[in-house]
Amino acid sequence: MAKGVKPYRQHEAVFGVDYQIAKDWAFEARYDRRRLDHVIEDASLADPDHFEMYTIVNPGQGVNATIDGYANYLTSLGSAYGIPNFAFNADPANPFLTCPTCPRQPLAVRNYDGVEFRLTKATSHGWAGMFSYTWSSLRATIPA
């Protein structure tokens with residue numbers, strides 16, 4: 001696991017109303033909004049001379065914020081474990097090409113919005129029931 005990995009976290013807000021239409025009928029409506037703050041995922045790069053190394057990271061954050069930052073982190077792990085000449089471009093003095101203009105790694109995104117409508121009939125005249133309808137939308141992006 002990479003240093004500074006933050007635990008999985010999401011935040012959520014739920015709003016709703018209940019309204020009694022009649023003595024034994026009620027209407028309910030709920031809105032649910034969820035967003036990710038931190039995701040935990042495995043990531044890897046392959047060293048052409050040795051092997052592929054996996055670590056646990058927060059996608060797009062910390063050591064995984066840029067590809068060259070992640071490669072330098074993996075190179076430091078190889079050195080810490082005593083792997084000679086371990087580098088992602090086979091040059092231990094220059095572990096990875098620096099790229100100040102390269103874009104940042106994308107963050108993992110999962111945006112959920114949902115609305116639920118419910119019509120409920122309490123027990124009367126020998127029956128009870130409920131009708132519920134949920135409309136939801138999930139937009140997710142996970143770094144490749």
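Net charge near residue 11: determine it from the other residues with C-beta under 11 Å of the C-beta of residue 11, scoring Lys and Arg +1 and Asp and Glu -1.
+2
Stretch residue 29-residue 135 to full length: gain in nm at 0.36 nm per residue minus the Cα-Cα span?
37.0 nm
Could you give me the ³J(HN,Hα) list for segment 51-64, computed from phi with Karplus coefficients 6.51, -1.76, 1.60 and θ = phi - 60°, whole Hz, x at Gly and Pro?
6, 9, 10, 9, 9, 8, 9, 9, x, x, 10, x, 5, 9
Tell me which lysines have Cα within less than 17 Å of residue 121's Cα, excluding those fewer than 8 residues away on the same chain?
Partners found: 23.
Once R0 is set to 41 Å, what does the formula 1/(1 + (r/R0)^6) return for the Cβ-Cβ distance between residue 15 and residue 52, expressed as a FRET efficiency to the nearest 0.05?
It comes out at approximately 0.35.
Just grab the label-to-label distance for residue 8 and residue 112, each label 7 Å out from Cα along the Cβ direction, in nm (one decimal).
1.1 nm
Can you give the alpha-carbon Rg of segment 11-74 over 2.2 N^0.38 Å, where N counts its residues?
For segment 11-74, the normalised Cα radius of gyration comes out at 2.18.
Restricting attention to segment 1-60, which trypsin sites (Lys or Arg not before Pro) occupy a DSSP loop and are surrounded by at most 12 other Cβ atoms within 10 Å?
3, 23
Values in this text are rule-based calculations from the coordinates and carry no lab data. What you see is a predicted model, and the numbers here were worked out from it, not measured in a lab. Neighbour counts run over all protein chains shown; Cβ positions are idealised from the backbone, glycine included.
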